[in-house]
Amino acid sequence: MNVRVLLNSRLMAIVAVAGIAAVLPAFFPSAYYYRVAALVFVFALAAIGLNLLMGFAGQVSLGHAGFIGIGAYAVAVGPTHFGLPPWLSFVAGAALSAIVAFLVGRPILRLKGHYLAVATLGFGVLLSIVFTNEAKLTGGPDGMSVPHLVLFGWAARGSETWYWISAVSFMIGAALALNLLDSPAGRALRAIHDSEVAARMLGIDVARMKLTVFVISAVYASIAGSYLALFNGLITPEVSGFLRSIELVAMVVLGGMGSIMGSLVGSAILVVLPQALTFLHDYEHMALGLILMGVLIFLRGGVVPSVAAMFARRRP
Amino acid sequence: MTILSTERLSISFGGVRAVDAVSLEIDAGKVFSIIGPNGAGKTTLFNIISGIYVPEEGRVRLAGEDVTGLVPERLARCGLSRTFQNLQIFFRMTAIENVMVGRHRHETTGILADLLHLPSVGRQNERTRAAALAALDRVGLAADAERPAGSLAYGALKRLEIARALASEPKALLLDEPAAGCNPVETQELERVIRSIVKDGITVVLVEHDMRLVMNVSDRIHVLANGRTLAEGTAAEVRANPAVIEAYLGVQRSREAARAVG
Ligand SMILES: Nc1ncnc2c1ncn2[C@@H]1O[C@H](COP(=O)(O)OP(=O)(O)OP(=O)(O)O)[C@@H](O)[C@H]1O
Ligand SMILES: [Mg+2]
């Protein structure tokens, strides 16, 4: 009975994604497609984290690529300069992101709305400057190379391998997020979004709850950043740049604020579309911008919630 | 026995004394109403008692303990709950989810258990849901449990806030104008709800403009005007008090007269 309940409610969407991820490679004409699909899953992972913060708790962050940067540089700097094994560097990166998020989040999350947006933006910019300027450690603007992830003597390399790693990681990340939402902490987060005063009056420690979700979302971004670096084998400060942060926000909003599967859709749109539009040459970015605007005008609330609402309406 | 009391509470906004040396003694298990004209300071008084504002002077005591200046989340854990004059609904959630949030202080799982959805979380979710449904049932909203809160009518939202507050199992419950915007049927339903809450031993502090409701359910009535105490007593005493008639009921009457004419 428990398994049935599980499948029916929370984790059904993940089972569906698993099915799609399993059959999708049959349609891939080349390794390049594995690469693009892997990037979709990796960015979706970061977008889930940001969605918990933005879509559910209602707290914006325009600096989340900073945490992607921490995760990415951890797996580059750890093995190169400190002789740490890549897997340990990966874990250390996530831990460091959590600590940084905790320390930065405490003062910053007291701010609201636009003030929070600008403060997080500043945080992201600050981190990418650090990655650019600490050239001895990070290779500066040219970046640095990243050694392969080696587990029990097996080295993770190649687009196909990373496709499977990122797909499975995405599913784990999505499952954890869906678990959280169906729990006391998840309900508290969603409550904060609508009325902080009512949430507090029901005994919710709003400041602590915001900090918790900020730390969780930072860890998601950090893990995505580590994957990105390990997968590419090369890392530059751009990975943590302002544009990356904006791109993450766009993924969350496009797919649907407060929709975990929306984060996957948002990531898919923003990773695949630029590749698909390259035939437009100089007009590529313009077309991308127009499509994004169109989606938000016609599918207000993001792709997944809008489509879900359409299906709900069609039912008697 | 006194469950909730204030001692010469005062607060001002830009030189205006919104609440001025107000002392209350509220008996456990009774309905204590606070009335007064618009801007008398009733909501401000609630905001101080519930920790949203810190008073400039005076003390608040809850169940014998000095709770002055405690933040709302601490007061909630001490057994205080309230509803809001301007609704504070979690609009992105369903009715029952709103009330489930009310169970927060009784939920014990940690964030790691929540992320992993350990069996304890599943069991707790079930308990929370059952308690929330019971609270919804008490205010007559059980049939609307799964509806998005945003789709409920105004009067239902008022009762949803009461259910949410009840779910936290408070010792004292502050209701700020629960009958505002309700039709006569809904107001009657509300009266029944208030009586049932008190029967469970929960103290109700009621701020309300609907005089019929106030006179019907109140054990004691405290009258405020311009932030200051004007009178206190039973319904009969307050109704007969000349100062009250002049400052408050008079306003009410002239308003009714105006309505009758207009
Ligand atoms: N945050 C605030 N800042 C400035 N003035 C305030 C604030 N809160 C309340 N006031 C003022 O304090 C006075 C009392 O307001 P309050 O809302 O407590 O009245 P009330 O008795 O609840 O009135 P009503 O019956 O209309 O709800 C009013 O003059 C109001 O303008
Ligand atoms: Mg008021």
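The values are calculated or read from the model by the stated rules, or taken from the named source; none is laboratory data. Here the structure is a predicted model, which means the values were calculated and not measured. With ideal geometry, Cβ positions are generated from the backbone for all residues, glycine too; neighbour counts draw on all protein chains shown.
Taken over the range B:41-78, the criterion of being among the basic types (K, R) and within 11 Å of chain A (Cβ to nearest Cβ) is satisfied by B:R74, B:R77.
Just a yes or no: is a residue in the range B:97-110 in a helix (DSSP H, G or I) and of a type in the set (S, T, Y)? Within the range B:97-110 (the criterion being in a helix (DSSP H, G or I) and of a type in the set (S, T, Y)), the answer is no, since none of the residues qualifies. Restricted to the range B:64-96, and to residues there that are of a type outside the set (K, R) and assigned to a helix (DSSP H, G or I), the residue that is surrounded by the fewest Cβ atoms within 10 Å (Cβ to Cβ) is B:E73.
B:Q85 meets the conditions (1) facing chain A (nearest Cβ under 10 Å); (2) within 16 Å of ligand 2 (Cβ to nearest atom); (3) more than 22 Å from B:D200 (Cβ to Cβ) in every case but one. The failed one is (1). Here B:V101 meets the list (1) modelled with pLDDT under 95; (2) outside the structural domain of B:V217 (by TED's automatic domain parsing) almost entirely, failing just condition (1). Of B:V121, B:V99, all but one fail to be more than 30 Å from B:I3 (Cβ to Cβ) and out of contact with any His (no Cβ under 8 Å at 6 or more places or on another chain); the exception is B:V121.
Can you pull out every residue in the range B:1-33 that is away from ligand 1 (no atom under 16 Å from the Cβ) and not hydrophobic (A, V, I, L, M, F, W, C)? Before the answer, list the steps.
First, the residues of the range B:1-33 that are away from ligand 1 (no atom under 16 Å from the Cβ): B:1-5, B:7-8, B:23, B:25-31.
The answer is B:T2, B:S5, B:E7, B:R8, B:S23, B:E25, B:D27, B:G29, B:K30.
Kindly provide the set of residues from the range B:71-95 that are farther than 30 Å from A:S259 by Cα and not hydroxyl-bearing (S, T, Y), ordered by number.
In the first step, residues of the range B:71-95 are kept if they are farther than 30 Å from A:S259 by Cα; the result is B:71-72, B:74-82, B:85.
B:V71, B:P72, B:R74, B:L75, B:A76, B:R77, B:C78, B:G79, B:L80, B:R82, B:Q85 - these are the residues of the range B:71-95 that are farther than 30 Å from A:S259 by Cα and not hydroxyl-bearing (S, T, Y).
Of all residues in the range B:139-184, those being part of a helix (DSSP H, G or I), within 16 Å of ligand 2 (Cβ to nearest atom) and over 26 Å from B:E25 (Cα atoms) number 1.
Kindly establish whether A:R208 is without any contact (Cβ under 8 Å) to a residue 60 or more places away in the chain, within 14 Å of chain B (Cβ to nearest Cβ) and either surrounded by fewer than 20 Cβ atoms within 10 Å (Cβ to Cβ) or aromatic (F, W, Y) (or both). Full working, then the answer.
On the way: without any contact (Cβ under 8 Å) to a residue 60 or more places away in the chain: yes; within 14 Å of chain B (Cβ to nearest Cβ): yes; either surrounded by fewer than 20 Cβ atoms within 10 Å (Cβ to Cβ) or aromatic (F, W, Y) (or both): yes.
Yes, satisfied.
Tally time: how many residues in the range B:159-189 are within 16 Å of ligand 1 (Cβ to nearest atom), touching a strand residue (DSSP E or B) at 6+ places or on another chain (Cβ under 7 Å) and within 13 Å of chain A (Cβ to nearest Cβ)? Show your work before the answer.
At the first step, the residues of the range B:159-189 found to be within 16 Å of ligand 1 (Cβ to nearest atom) are B:161, B:174-182.
With touching a strand residue (DSSP E or B) at 6+ places or on another chain (Cβ under 7 Å) added as a condition, the list becomes B:174-177.
Next, from what is left, pick out any that are within 13 Å of chain A (Cβ to nearest Cβ): B:174-176.
Qualifying residue count for the region: 3.
Residues that are closer than 21 Å to B:S218 by Cβ and in contact (Cβ under 8 Å) with a residue 40 or more places away in the chain number at least 3 in the following strands (runs of 3 or more DSSP E) confined to the range B:1-63: B:2-13, B:16-27, B:31-35.
Is it the case that the range B:69-79 has a residue that's over 21 Å from B:I3 (Cβ atoms), touching a residue at least 12 places away in the same chain (Cβ under 8 Å) and over 16 Å from the mean Cα position of the chain (by Cα)? Talk me through it step by step, then tell me what you get.
First, the residues of the range B:69-79 that are over 21 Å from B:I3 (Cβ atoms): none.
No - not one qualifying residue is present in the range B:69-79.
Residues of the range B:80-111 that are over 19 Å from A:A185 (Cβ atoms) and in contact (Cβ under 8 Å) with a residue 24 or more places away in the chain: B:L80, B:S81, B:R82, B:T83, B:F84, B:Q85, B:L87, B:Q88, B:I89, B:F91, B:A95.
When B:A28, B:A63 are screened for being among the aliphatic types (A, V, I, L, M), on the phi > 0 side of the Ramachandran plot and away from ligand 2 (no atom under 13 Å from the Cβ), only B:A63 passes.
Within the range A:170-197, the residues that satisfy the criterion of being at the interface with chain B (Cβ under 8 Å from one of its Cβ atoms), surrounded by fewer than 23 Cβ atoms within 10 Å (Cβ to Cβ) and over 18 Å from A:S259 (Cβ atoms) are A:S195, A:V197. For the range A:35-50, the criterion of being over 29 Å from B:L118 (Cα atoms), in a helix (DSSP H, G or I) and basic (K, R) is satisfied by at least one residue. Take the conditions (1) touching a strand residue (DSSP E or B) at 6+ places or on another chain (Cβ under 8 Å); (2) more than 16 Å from ligand 2 (Cβ to nearest atom); B:V71 misses just one of them, which is (1).
If the condition is being hydrophobic (A, V, I, L, M, F, W, C) and crowded, with 19+ Cβ neighbours inside 10 Å, then the range B:52-63 contributes B:V60, B:L62.
Just one of the listed residues (A:G258, A:G225) is within 21 Å of A:G105 (Cβ to Cβ) and more than 13 Å from the chain's Cα centre (by Cα), namely A:G258.
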